[in-house]
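The values are calculated or read from the model by the stated rules, or taken from the named source; none is laboratory data. Just so it is clear, the model here is predicted, and its values are computed rather than measured. Glycine gets a Cβ as well: all are built from the backbone with ideal geometry, and neighbour counts include every protein chain shown. Areas reflect the complete protein model, heavy atoms only, side chains present, ligands, DNA and RNA absent. Shrake-Rupley method; radii C 1.70, N 1.55, O 1.52, S 1.80 Å.
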Amino acid sequence: AFDPANVQGDILVGLPKKAQQYIIFQIDDNVTAFRKALNNLIPLITTTTQVQQDRTKIANNKKAAQEQGKTPKLIKLSGVNVAFSQAGLTKMGITDDLLDTAFTAGQLKDSKNLGDPGKDVDGNFVPDWLPAFLQGNIHGVILISGDCAATITETRTTIEHIFSVGTPNATLHEVTTLIGKVRPGPEDGHEHFGFLDGISQPAIEGIDTNPNPGQETVRQGIILVGRDGDGIANRPSWAIDGSFLALRYLFQLVPEFNNFLKGNALTGNGLTPDQGSELLGARLMGRWKSGAPIDLAPTQDDPALGQDASRNNNFRYDFTDDQTTTIRCPFAAHTRKTNPRADLEDIGFSTETRRIIRRGVQFGDEVTPQEAASGKTALDRGLIFAAYQSTIPNGFQFIQISWANATTFPPQKPFTPGFDPIIGQTNDDSVRTLAGTDPNNQTAELSLPTDWVLPKGGEYFFSPSIPALRTKFAL
Ligand code: N7H
């Protein structure tokens, strides 16, 4: 029987966080000592059941504060999860094949297929990634989440102690740490381009029993290995209730993106220049910054709709004008490319097996006045993109390659949709285009002078169940 206490907490519910660290590590040569030390990490791992309890606590605290007209009390939160790459499994001597081609090869080998910019060096493709991700020595990742950076530092110290980090007996060492933090004040929940994120997630059967209108329920096996809906047969039995994590370190060029919106503001229908650039941004994304979907609010923002979970996902791109025109939403808008809803369902294809659960976090600081004035990024910022699924080739990899990067997707449209303007990409620096952004001149192509999302590294991991950690990984 399925027990949420067996599943690591980030997968189905998500570790609650204001800050997060992804400690990317290499296992040292004393593998037996590492696997013994892992026993002491397991009690710290936050399960789905614990995360559900934490989330109830947060909700009750907020409700109580609202009733008393006070600001909610600060709750100390700390979460820990762990996941391993194929190189990590191999290092530990775990030889069972998890039957996921992307995972087995590793993300570095996949970077060319993903369209990551890069160049050939002596006949080998090398993506424009940071050196830490180019060595091929990543064995695993420890996720630490918390209410603030201080809590995370405390948890990290405990974990470093478990693995004797910094002593001659160290059993692992850091390759790099990605430091995530949510944006301040009213930008909380918004990613660096300014758009509210994390609105649309699939509901999971047996977990999200009260889905919001329009939120599709998927079988557990779409996300969890070995459960109903996992289409891959003959995986090792210990892999049940694990999930594959696609981690991507994505830098965002915010001032450049904003400048483009300003320079290409839509006109007509009485739009002011500011309104015209806001509308263009919303049409590239598929939602307004407030979260309101443009399929429901095509001409102007509706912040109340953006906030309202009972309405903000209740759309399918199936209005009569949706399938053949982009009056409401460009075919290539980011949300439409990555979850095309009726574009596929109405021609007989289910999108269930393409759904992923997104758990990312922002990194880096706010745009400085100097950056805004110059229109040039000077400080690193972006999204630590993290997505769970039971098969990477059907999930993240498919969405990136066959949807976002594929100019002819979604299919059967009167004109070529073009690239996903946010994440669509090619290995070279050819200029990306998309059509349908101007509702008054739909076939006109818009050329995008630059990519605004730059992949700088990543890896594919497997996040095992707690019983598997105990019986298969730890010694
Ligand atoms: Fe995307 N953004 O703010 O620009 N994404 N995304 N994403 N994304 C979504 O509906 C963003 C990336 C998906 O079900 C929203 O929850 C940024 C990758 C999927 O309707 C916003 C980056 C992939 C959805 C963003 C980025 C995806 C989605 C709207 C990189 C997969 C749900 C909020 C820096 C390959 C679509 C929402 C649905 C939504 C942003 C990357 C996939 C605002 C900044 C790499 C499946």
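Odds and ends about this structure:
- Per atom type, the range 71-152 shows carbon and sulfur on 57% of its accessible surface, probed at 1.4 Å.
- Once the chain from Ala64 to His161 is taken as fully extended at 0.36 nm per residue, the excess over their C-alpha distance is 31.1 nm.
- Separation of the Val126 and Asn30 label points, Cα + 7 Å toward Cβ, nm: 3.5
- Nonlocal amide H pairs with Gly118, under 5 Å, H built at 1.01 Å: Asp128
- Cα centroids of the range 177-215 and the range 42-63: 17 Å apart.
- Pairwise FRET efficiency - Ala233 versus Lys119, Cβ, R0 = 30 Å, nearest 0.05: 0.15
- Filter on Lys17/Lys73; Lys17/Lys262; Lys57/Lys472; Lys337/Lys456 - keep pairs with C-alpha separation over 24 Å: Lys17/Lys262; Lys57/Lys472
- Rounded Å value of the spacing that divides the Cα centres of the range 131-153 and the range 67-123: 10
- Computed over neighbours whose Cβ is under 10 Å from that of Gln323, the net charge equals -4, Lys and Arg +1, Asp and Glu -1.
- Shown for the range 322-436: the carbon plus sulfur share of the solvent-accessible area, taken with all protein chains present and a 1.4 angstrom probe, equals 55%.
- Cα-based Rg / Dmax (Å) for the chain: 22.2, 69
- Neighbour net charge for Arg235 - beta-carbon separation under 10 angstrom, K R +1, D E -1: -4
- Label zone (Ser310, point 7 Å along Cα-to-C-beta; backbone nitrogen cut-off 14 Å) within the range 199-223: 211-214.
- Taking label positions 7 Å along the Cα-Cβ direction at both Phe349 and Lys262, the computed distance is 3.9 nm, reported to one decimal.
- Close amide-amide hydrogen proximity is noted between Val82 and Leu143, each under 5 Å apart and 5 or more residues distant or on a separate chain (H modeled in the peptide plane; Pro and chain starts excluded).
- For the range 180-312, the share of accessible area belonging to carbon and sulfur comes to 48 percent (1.4 Å probe, ligands and nucleic acids excluded).
- Each part reduced to its alpha carbon centroid, the range 290-335 and the range 449-475 end up 32 Å apart.
- Inter-site label distance for Cys148 and Thr104 at 7 Å from Cα along Cβ, in nm: 4.8
- Considering only beta bridges that DSSP places wholly inside the chain, some 95 percent are antiparallel.
- Over the chain, relative contact order from alpha-carbon pairs under 8 Å, at least 6 apart, %: 23
- Remark: the Thr368-Asp96 segment gains 93.0 nm on full extension, using 0.36 nm per residue and subtracting the alpha carbon distance.
- Take Thr209: with every protein chain present and a 1.4 Å probe, its accessible area is about 110 Å².
- Heavy atoms of the protein chains alone define the surface here; on that basis the chain has 42 Å² accessible area per residue at 1.4 Å probe size.
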